[in-house]
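Chemist: Quick one: this structure, given as structure tokens, is what I'll be asking you about.
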Amino acid sequence: MKILVWQTAFLGDLILTTPLIQSLKKNYPQSKISLVCKSFGKEVFKHNPYVDELICFDKKTSSFFNLILNLKKKKFNLAISPHRSHRASLSLFLAKIPVRVGFDKAGFSFLYTCVQKHEFSGGHEIERNLKLLSCLPDFDTQNICKIPSLYVKQEEEKIISNLNLKFKKYIAIAPGSKWPTKCWTVKGFKEVVKYLVEKNYFVVLLGSEQENNVCEQIKQNYAKVLNLAGKTTLRESFALIKGAKLLISNDSAPVHMAVSLNTYVIAIFGPTVKKLGFYPYKNGEIIEVDLDCRPCGLHGHKKCPYGHHDCMKKISSKYVIQKIEEVLSNNAP
């Protein structure tokens with residue numbers, strides 16, 4: 001059987017698709033599984049034994065017409081799309097894939113041959129995606145995998161020692177996000193870094209080049225704080241998160257990287273809430289404040305729609321430090 005999975009959403013969404021793909025492969029071990037994703041999928045699925053082929057597609061730079069021709073030529077038997085876009089539904093239909101599975105709230109969902117109800121009812125995104133498999137009549141639920149996975153080889157972990165760091169002896173912090181309202185305050189992160197340095201921990205700041213400025217502010221002048229924002233590849237970031245004793249992050253992709261790499265994570269949630277389903281699936285906890293205006297959207301915004309951003313401003317560094325102390329004491333040495 002030739003199976004196609006479509007997931008062209010954000011990095012975190014793609015990582016959370018790994019259990020769906022593993023579950024498919026375990027149930028149909030002789031199948032060939034292809035994945036339509038953005039170009040960063042090459043890094044996410046490097047060394048992953050459950051994907052046979054990546055088909056990279058970016059709506060801004062790739063030809064939709066050529067994609068359809070390519071998919072038709074491959075003659076897939078089954079397609080599953082956890083991504084709820086019009087483009088996904090239409091592409092799978094035009095590619096003439098006979099069995100097409102997606103969510104009822106997807107754009108053009110009437111083009112799917114089987115739909116599963118999509119709802120934000122408190123369940124995790126991983127479990128939501130896995131419900132799509134119930135559309136397959138011969139699927140064995142004993143083959144379900146619920147833990148996301150990233151595969152980092154020992155040779156890739158050498159970046160840790162190359163930076164004079166010791167495995168599980170440093171704290172990683174990811175203070176950025178694509179959405180500004182998802183970012184905790186610079187002041188808060190600075191106070192957390194001060195606490196960690198005083199406790200003799202080495203701190204590694206991770207992020208994109210666009211977040212370098214913020215990371216420099218957070219770093220201050222501490223010798224035990226290493227700002228790697230914009231200085232590592234995605235694979236190197238995976239290795240550094242895997243080697244960290246703890247990750248502190250906003251509600252963004254690094255949270256799911258940590259879960260996939262078995263690193264404990266403290267996730268700071270502002271405009272989003274656990275009920276949406278993107279919380280740490282294991283080895284983690286959420287820090288948040290209870291406000292009537294939360295959630296104000298699925299992803300967050302560039303600016304607080306209410307003009308106050310209290311969902312982040314009201315999270316005190318004292319509370320975050322208290323949680324850090326609890327985690328570190330429970331995971332000693």
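The values are calculated or read from the model by the stated rules, or taken from the named source; none is laboratory data. Given the structure is predicted, the values throughout are model-derived calculations rather than measurements. Here Cβ is always computed from backbone atoms with ideal geometry, including for glycine, and neighbour counts include all displayed protein chains. Accessible surface areas use protein heavy atoms only, side chains included; no ligands, DNA or RNA. Shrake-Rupley method; radii C 1.70, N 1.55, O 1.52, S 1.80 Å.
Chemist: Kindly indicate whether GLU325 is touching a residue at least 24 places away in the same chain (Cβ under 8 Å) and among the acidic types (Asp, Glu).
Modeler: On the way: touching a residue at least 24 places away in the same chain (Cβ under 8 Å): no; among the acidic types (Asp, Glu): yes.
The answer is no for GLU325.
Chemist: Which one is farthest from SER34 (Cα to Cα), of the residues in the stretch 46-88 that are buried (at least 17 other Cβ atoms within 10 Å of the Cβ), out of contact with any helix residue (DSSP H, G or I) (no Cβ under 8 Å at 6 or more places or on another chain) and among the hydrophobic types (A, V, I, L, M, F, W, C)?
Modeler: Here the answer is ALA88.
Chemist: Based on this model, can you work out whether LEU206 counts as without any contact (Cβ under 8 Å) to a residue 60 or more places away in the chain, out of contact with any Lys or Arg (no Cβ under 9 Å at 6 or more places or on another chain), at negative phi and open to solvent by less than 40 Å² (accessible area, probe 1.4 Å)?
Modeler: Working: without any contact (Cβ under 8 Å) to a residue 60 or more places away in the chain: yes; out of contact with any Lys or Arg (no Cβ under 9 Å at 6 or more places or on another chain): yes; at negative phi: yes; open to solvent by less than 40 Å² (accessible area, probe 1.4 Å): yes.
Taking the combined requirement at face value, the residue satisfies it.
Chemist: If you go through the stretch 164-200 one residue at a time, how many are open to solvent by 50 Å² or more (accessible area, probe 1.4 Å) and either assigned to a loop (DSSP other than H, G, I, E, B) or touching a residue at least 24 places away in the same chain (Cβ under 8 Å) (or both)? Step through it out loud before you land on a result.
Modeler: Of the stretch 164-200, the ones open to solvent by 50 Å² or more (accessible area, probe 1.4 Å) are 164, 166-169, 178-180, 187, 190-191, 194, 198-200.
From the residues that got through so far, the ones that are either assigned to a loop (DSSP other than H, G, I, E, B) or touching a residue at least 24 places away in the same chain (Cβ under 8 Å) (or both) too are 164, 166-169, 178-180, 187, 190-191, 194, 199-200.
Total meeting the criteria: 14.
Chemist: Do you know which residues across the stretch 32-45 are open to solvent by 30 Å² or more (accessible area, probe 1.4 Å) and free of Cβ contacts under 8 Å to residues at least 60 places away in the same chain?
Modeler: Looking only at the stretch 32-45, we keep the residues that are open to solvent by 30 Å² or more (accessible area, probe 1.4 Å), and these are 32, 38-40, 42-43.
Selection gives LYS32, LYS38, SER39, LYS42.
Chemist: Moving on to the next point. Just wondering, is there one or more residues in the stretch 18-31 that are among the charged types (D, E, K, R), surrounded by fewer than 22 Cβ atoms within 10 Å (Cβ to Cβ) and more than 30 Å from GLU155 (Cα to Cα)? Don't jump to the end; show me each part of the working.
Modeler: Going through the stretch 18-31, the residues among the charged types (D, E, K, R) turn out to be 25-26.
Now drop any that are not surrounded by fewer than 22 Cβ atoms within 10 Å (Cβ to Cβ), which leaves 25-26.
Next, only the ones that are more than 30 Å from GLU155 (Cα to Cα) stay: none.
No, the stretch 18-31 contains no residue that is among the charged types (D, E, K, R), surrounded by fewer than 22 Cβ atoms within 10 Å (Cβ to Cβ) and more than 30 Å from GLU155 (Cα to Cα).
Chemist: Restricting the search to the stretch 155-202, which residues are of a type in the set (A, V, I, L, M, F, W, C), in contact with a strand residue (DSSP E or B) (Cβ under 6 Å, 6 or more places away or on another chain) and closer than 15 Å to THR232 by Cβ? Please lay out each step first, then the result.
Modeler: Step one: list which residues in the stretch 155-202 are of a type in the set (A, V, I, L, M, F, W, C), which gives 159-160, 163, 165, 167, 171-174, 179, 183-184, 186, 189, 192-193, 196-197, 202.
Remaining after also requiring in contact with a strand residue (DSSP E or B) (Cβ under 6 Å, 6 or more places away or on another chain): 171-174, 183-184, 193, 196, 202.
Within the stretch 155-202, ALA172, ILE173, ALA174 qualify.
Chemist: OK, next. Filter the stretch 229-250 for residues that are open to solvent by less than 10 Å² (accessible area, probe 1.4 Å) and either more than 24 Å from HIS301 (Cα to Cα) or part of a loop (DSSP other than H, G, I, E, B) (or both) and give the result. Give the derivation first.
Modeler: Applying the first criterion (open to solvent by less than 10 Å² (accessible area, probe 1.4 Å)) to the stretch 229-250 yields 229, 238-241, 243-244, 246-250.
Once the filter is applied, which keeps residues that are open to solvent by less than 10 Å² (accessible area, probe 1.4 Å) and either more than 24 Å from HIS301 (Cα to Cα) or part of a loop (DSSP other than H, G, I, E, B) (or both), the stretch 229-250 yields ALA229, PHE238, ALA239, LEU240, ILE241, GLY243, ALA244, LEU246.
Chemist: For the stretch 89-113, enumerate the residues that are open to solvent by less than 10 Å² (accessible area, probe 1.4 Å) and not in a loop (DSSP other than H, G, I, E, B).
Modeler: SER89, SER91, LEU92, VAL101, GLY102, PHE103
Chemist: Out of the residues in the stretch 144-163 meeting the condition of being of a type in the set (S, T, N, Q) and more than 23 Å from the chain's Cα centre (by Cα), tell me which one is most open to solvent (accessible area, probe 1.4 Å). Please lay out each step first, then the result.
Modeler: Let us first name the residues in the stretch 144-163 that are of a type in the set (S, T, N, Q), namely 149, 154, 161-162.
Checking which are more than 23 Å from the chain's Cα centre (by Cα) leaves us with 161-162.
On the way: SER161: 73, ASN162: 120 Å².
If we take residues in the stretch 144-163 being of a type in the set (S, T, N, Q) and more than 23 Å from the chain's Cα centre (by Cα), then ASN162 is most open to solvent (accessible area, probe 1.4 Å).
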